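What follows is a single structure, written as structure tokens, with notes after it.
FYI, it's all coordinate maths here, none of it is from the lab. Only a predicted model underlies this, so the values are computations on that prediction, with no experimental measurement involved. Neighbour counts run over all protein chains shown; Cβ positions are idealised from the backbone, glycine included.
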Amino acid sequence: MTTAVRPRLLLLDFDGVLAHYSHPRRVAHLADATGCEPAQIMRVMFASGLEVEYDSGRIDTASYLRRLGDGLGCVVDEAAWIASRVAGNRADARVIEQVLAVAAHTPIGVLTNNGALMAQAMRQVIAPLFPLLDGRVLCSGALGVRKPDAAIYAKALAHFDVTAAQVLFVDDKFTNVQGARASGLQAETVHHAQSLRRVLKRYGLAAKPA
């Protein structure tokens, strides 16, 4: 496959690409911190639709945490939420290594379906990519729209001041890749370090030999 335009931006999903995510680990950590049962946390945070509301930007961080705390019968502050989110993630060291190599010659960014507070948690999960990613992490909750809606890709292009054809977007969910392609971005599905390596090579972004 030959691309018409060599990417000027590598735009990456977070969960499933840069880091592995575990619902059970995240919920267990928050359960320990709040003294609540994991089943209650699952109901209040996920089954109720609260998390999707926050990820979609329909409620702000203060409202989200207040409603989460009300549902659990305790106070959940930003620090506790971030700690549980960090506990639920494990950075993929081999992916991080490849992204750092790309960043030596091509700008990088993140586009993730997460609430605005995730930008702070991310600094701990994928610490080696900061400060490279300062001001370059876009969360759906802050943008007010989720992938694969066309509007989120338009907002990303405006933020990074690039055209669609200049971007290579990678995501572990094909529906998000389809949305990006429909918006004119070059986009590929990536599930692990091996698939990322193949994609980077195909688009001419693999690490240059020393």
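Below is a table of values for the structure above.
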read-out	value
Listed candidates [x] 25, 22, 15; [y] 30, 22, 15; [z] 32, 18, 14 - label of the one calculated as semi-axes √(5λ) of the Cα gyration tensor in Å	[z]
Neighbour-count order for 13, 149, 77, 171, fewest beta carbons within 10 angstrom listed first	77, 149, 13, 171
Residues 112, 189 arranged by fewest to most Cβ contacts within 10 Å	189, 112
Degrees separating the helix 23-34 axis from the principal Cα axis of the chain, which is the longest one	40
The stretch 164-210 and the stretch 34-104: distance between their alpha carbon centers, rounded to Å	26
In the chain, lysine pairs with alpha-carbon atoms under 27 angstrom apart (chain gap of 8 or more, or interchain)	5
